[in-house]
Amino acid sequence: MGKATDYNFRVKDSLLGVQFLFVAFGALVLVPILTGLDPNVALFTAGIGTLIFQFVTRKNVPPIFLASSFAFIAPISMGVKTWGIAATMSGLVAAGLLYVLISLVIRVKGDNFIHKLLPPIVVGPVIMSIGLSLSPVAVHMAMGQTSDGTVLVPYDTAIVISLISLTSTVLISLLAKGMFKLIPILGGIIIGYLVSLYYGIIDFSSISKAAWFAIPNFTAPEFNWQAIIFILPIAIAPTVEHIGDMLTISNVVKEDYLKKPGLKNTLLGDGLATSVASLFGGPPNTTYSEVTGAVTITKAYNPAIMTWTAISAIILAFVGKLGGVLATIPVPVMGGIMLLLFGIIASIGISTLVKANVDLSCSRNMTIVAMILVFSIGGMAFKFWGVEFSGIGLGAIIGIFLNMILPQPRH
C-alpha cells in the first residue's frame, strides 16, 4: 500500500475506507446513543473531524480516523440532564480549545511540559474514575431499568439479553480472527439484537417513521459557564490518550509522528475536530484504536483511505432510516456491552499506573490516587462565586494540584 506519506487516491482505497468505517461504527454510534445525542450527527462530525485533522497534518498525515470519545460519556450524560444539549456543547467546544491551547504551549516549550503537568499518577486515576463513575448506568441498563429504577424491560428478559450481549462481545474480542476481532461491539449488538427479536421486545415504529434522506438533528452550542467548568478538566485524560495513540500508529507505520507532524499539530487537529464537532451538536472526537488495529492487519497506510472513511461517514449521516434502526436497539443490549466497556476504561487507568511503575506503597502516591478517586466518584463539590466544581473534572484538578505541592519521597 505504500507509506502514509503516499497520499494517492485509488478505487480500492475507497472500498477499504468503507470497511474501516464498519470497524469504527459500533463504538462511534454507541457514545451518542448512551448520552442522548444524535448518532447521525456523530457520524457527520466524525467525518468532518477526520478531514480537519488531515488538513492540519497535511504535510505528514497519520492514517487514523477520529470519532466519538468514550472519555466524555459521563460528563455529556450529566451535562445533558442538567443543562441540556446546547449548553453541554459549549463545554465540549471549550474542551477542544483546551487541546488547541496545549498544542500551542507544546509548539513554544516542547512536549516535556505535558508529561510534568499530567504524569501517570494523575492520569491513571482520572481514567479509572471515568469508567467507575459510569458503572451504575451500565448495571441499570443491563437490568432493563433507568437510573431511577423505572422498568423498561422486565428483569428476567433483560438480564438474559444483556448477559448474552456481554458474552458475545467478550468472545468475539478474544476468539475472533482478522478483521472480525476488531468489531466486538458491533458483533455484540447484532447478537443481542437477534435475541431481543426472539423475545419480541423491539419496537420498529421509529424505522417506519424515519425518512430515507434526513438532515441530522444539528444543535448549536449555547454559552454556559457551569457546563464549561464542569467539562473542561475532563479533557486532561483524552489529551494523554492522544499521545498514546500517536505512539501506537507510529509503531505500526514505522514513522515517528511525534516528530513529524509532531504533537503540536496532531493535538491541534484533534482539538479543532472536537470543537467543530461540538458546534454541530456531536460528541468530542478522538483517535480510534479499532481503526489503528485494522490498519495494522491490512497494512493500509495510505491516509487517503481515511479520507474515504470520513466521506462515507458524512454520506451515511444523511440516511434517516439509519437513525431509526439505531433507535430500536433495546436498552439491555447496550447495557450488557457497557458492563464490559466501562470496566475496560477503569482497567486502562490501572494499566497506566502499572506501566509507569507507580509505587503505591508510597504515601504521597496513595494520597493522590485516593483523593482523585473519592472526589471524582463520591459526589464532592466545591462552589466558588456561584460556580460548582464537581465530578471527574474536580478530581482531575485535585490530582494536578496535589502532584504539584506534595513533596517527592526521599530515597
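The values are calculated or read from the model by the stated rules, or taken from the named source; none is laboratory data. Since the structure is predicted, the reported quantities are computational estimates derived from the model, not experimental observations. Cβ: placed from backbone, ideal geometry, glycine included. Neighbour counts: every protein chain shown. Please note that ligands, DNA and RNA were not included when accessible areas were found on the heavy atoms of the full protein model with its side chains. Shrake-Rupley method; radii C 1.70, N 1.55, O 1.52, S 1.80 Å.
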Kindly check whether there is at least one residue in segment 75-85 that is closer than 24 Å to N265 by Cβ, part of a helix (DSSP H, G or I), touching a residue at least 40 places away in the same chain (Cβ under 8 Å) and out of contact with any Leu (no Cβ under 7 Å at 6 or more places or on another chain).
no
Scanning for something assigned to a loop (DSSP other than H, G, I, E, B) and more than 19 Å from D38 (Cβ to Cβ), does segment 239-251 turn up at least one residue?
no
Scanning segment 288-325 residue by residue, those modelled with pLDDT under 85, open to solvent by less than 10 Å² (accessible area, probe 1.4 Å) and of a type in the set (V, I, T) turn out to be V291, V295
For segment 326-334, check the following and say yes or no: at least one residue is open to solvent by less than 20 Å² (accessible area, probe 1.4 Å), among the hydroxyl-bearing types (S, T, Y) and within 25 Å of the chain's Cα centre (by Cα).
yes
Which of the helices (runs of 4 or more DSSP H) found entirely inside segment 135-214 contain at least 3 residues meeting this: open to solvent by less than 40 Å² (accessible area, probe 1.4 Å) and within 23 Å of I73 (Cα to Cα)?
155-175, 184-199
Extreme residue, modelled with the lowest pLDDT, among residues of segment 367-385 that are among the small types (G, A, S) and under 15 Å from F401 (Cα atoms):
S376
Within segment 72-94, can one find any residue that is open to solvent by 10 Å² or more (accessible area, probe 1.4 Å), of a type in the set (K, R) and modelled with pLDDT of 85 or more?
yes
